[in-house]
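Values in this text are rule-based calculations from the coordinates and carry no lab data. This one's a predicted model, so the numbers in the text were calculated from it and none came from an experiment.
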Amino acid sequence: MELCRHAGIGNFISCSSYFVLVPNPIKSWLQNRRFLDALKIVQHSQTSTVLRVLDFGAGDGELILQIARIAPVDASVFEPTPSLMLEAKEKLVHLNSVTFI
């Protein structure tokens, strides 16, 4: 299993957890960079308060799953593609603090 540095902070996770398969390598790189930057901001916030997050265009819900692993979160998830919304619901079913809109 290939491991990636988690947001440059020292934690290692599976790269497959972060990389979105997009046919265009530039779009893929930009998406992955935004994803890692968002996680880095959450990690560095070190807040004990619950983060309120709206994930608009949530895809399969991976961003909310990763945020929930490092901080308390109250998330609203919107994904217009029905198959991706179903994946997000399945992936986040164990999180009581997620609302699907």
- Query: Any idea what Rg and Dmax come out to for the stretch 53-101 if you just take the C-alpha atoms, in Å?
  - Reply: 9.4, 28
- Query: Ala75's amide H: which non-local residues (gap 5+, or another chain) put their own amide H closer than 5 Å, with H modeled 1.01 Å from N in plane and none for Pro or chain starts?
  - Reply: Val53, Val98, Thr99
- Task: Compute from the Cα atoms of the stretch 18-101 the Rg and the Dmax, the latter being the longest Cα-Cα distance, and quote both in angstrom.
- Result: 12.8, 39
